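Where a number appears in this text, it was derived from the coordinates with a stated rule and is not lab data. These numbers were taken from a predicted model, which means no experiment stands behind them. Note that we place each Cβ from the backbone using ideal geometry, even for glycine, and neighbour counts take in every protein chain shown.
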Amino acid sequence: MLNYRNTNIVFLLLLLAMLAWSYQAPVAWWVWVLLLLAYSLVLFYGSYYVGSNFFMKVLCRGKGDQPWIALSFDDGPAEQYTSEILDVLGQKKVGAIFFCIGKNIAGKENVLERMHREGHLIGNHSQSHAFWFDLYQTKDMKADLTAMMDATEKTIGRRPRLFRPPYGVTTPPMRRAVDQLGIVPVGWDIRSLDTVIKNEDELLGRILRSLKSGSIVLLHDTSAATLAILPRLIDAGRARGLEWVRIDQLLNENAYA
């Protein structure tokens with residue numbers, strides 16, 4: 001199983017073997033560089049592929065034993081699109097989870113209250129979503145995640161338990177912060193790229209090509225294209241015999257502490 005612990009063991013054994021060999025015969029410099037490069041590439045893969053479970057377990061899809069699929073929205077609440085997306089979800093009678101950024105809640109508490117009132121879930125997407133969030137150490141990461149939970153609890157009286165790592169990046173300090181806070185990391189198995197793809201048909205087609213039982217779709221309530229395709233996406237999923245459920249049902253996890 002490829003994970004952080006096993007990778008360190010394997011590369012440590014390789015390093016010791018090379019050191020032992022170097023006492024018998026010179027080891028070319030490029031061999032040492034190649035070993036370091038290989039180790040770095042494995043760490044990069046583990047950090048940036050959210051479904052790798054390299055540093056910690058991240059729930060990226062349901063079991064698939066039921067025809068259930070789930071919608072998730074990142075980065076809100078936003079001035080534009082979040083309320084309109086809530087309108088569509090209400091019309092279609094679909095529950096979703098919004099992984100909110102804590103700093104975006106201020107001034108938009110009414111939107112968060114509406115999400116909660118209409119039966120949607122609020123997840124933790126960090127307080128800051130800072131560019132350097134992935135380099136935070138455990139103490140700073142805990143403080144950031146706790147600030148988001150505090151802001152949510154102040155607004156809706158509930159404390160988010162489900163956490164989506166900013167940028168989908170995981171690290172050892174994040175694993176420690178998650179363990180100490182008792183929260184559950186949640187990823188996705190369909191990355192829509194709705195912040196990049198602006199052509200509505202292309203965006204919808206990308207999602208539908210991968211949509212299957214157990215899927216978690218990553219969208220953003222900051223995207224005009226997402227709002228535009230949402231009704232068709234919901235209808236297309238149902239036309240395939242799939243049922244849109246909330247992510248707590250799909251994963252069988254409590255959404256709040």
Exposure-ranked with fewest Cβ neighbours within 10 Å first, HIS220, HIS125 stand as HIS220, HIS125
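If eta is 1.306 mPa s and T is 10 °C, what Stokes-Einstein diffusion coefficient results for the stretch 35-84, Kirkwood Rh from Cα pairs, in µm²/s? Walk me through the numbers on the way to the answer.
On the way: Rh = 14.4 Å.
Roughly 111 µm²/s, to the nearest whole number.
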How far is the Cα center of the stretch 1-72 from the Cα center of the stretch 193-257, in Å?
30 Å
Give the dimensionless ratio obtained when the Cα radius of gyration of the stretch 150-216 is divided by 2.2 N^0.38 Å.
1.46
Where the Cα atoms of the stretch 4-48 are projected onto their three principal axes, how long is each span, largest first, in whole Å?
38, 19, 5
Compute the distribution of all C-alpha to C-alpha distances in the stretch 159-257, in bins of 5 Å from 0, and list the percent of pairs in each, rounded to whole numbers.
2, 11, 20, 20, 19, 14, 9, 5, 0
Name the long-range amide H neighbours of LEU162: under 5 Å, sequence gap of 5 or more, or other chain; modelled H, no Pro or chain starts.
ASN124, VAL184
Please compute the modelled spin-label separation between SER210 and LEU15, points set 7 Å along Cα→Cβ, answer in nm with one decimal.
3.4 nm
GLN91-TYR49 FRET efficiency (beta carbon distance; Förster radius 22 Å; 0.05 resolution):
0.05
For the chain, what is the calculated [θ] at 222 nm in deg cm²/dmol (nearest 500), taking -39500 (n - 2.57) for each run of four or more DSSP H residues and dividing by its residue count?
-15000 deg cm²/dmol
Kindly provide the pair-distance distribution of the chain built from C-alpha pairs, with 10 Å bins from 0 and whole-percent values in order of increasing distance.
7, 28, 32, 18, 8, 5, 2, 0
Approximate spin-label separation ARG5-LEU36, in nm, with each point projected 7 Å along Cα-to-Cβ:
2.9 nm
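Mind checking the full-extension length gain between ALA130 and ALA147? Use 0.36 nm per residue of separation minus the Cα-Cα distance, one decimal, nm.
On the way: separation 17, 0.36 × 17 = 6.12 nm, distance 1.34 nm.
Here the segment from ALA130 to ALA147 would lengthen by 4.8 nm.
Remind me, relative contact order of the chain in percent, using alpha carbon pairs under 8 angstrom and six or more residues apart?
Numbers: 456 pairs, mean separation 70.8, N = 257.
Relative CO of the chain lands at 28 percent.
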Across the chain, where is the longest run that never hits chymotrypsin sites (Phe, Trp or Tyr not before Pro) in a DSSP loop with at most 14 other C-beta atoms within 10 Å?
133-257
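With respect to the cross-link table entries LYS57/LYS212; LYS63/LYS198; LYS92/LYS212, which display a Cα-Cα separation exceeding 26 Å? Please list the in-between numbers first.
On the way: LYS57/LYS212 22 Å; LYS63/LYS198 31 Å; LYS92/LYS212 20 Å.
Where the Cα-Cα span goes over 26 Å, the pairs concerned are LYS63/LYS198.
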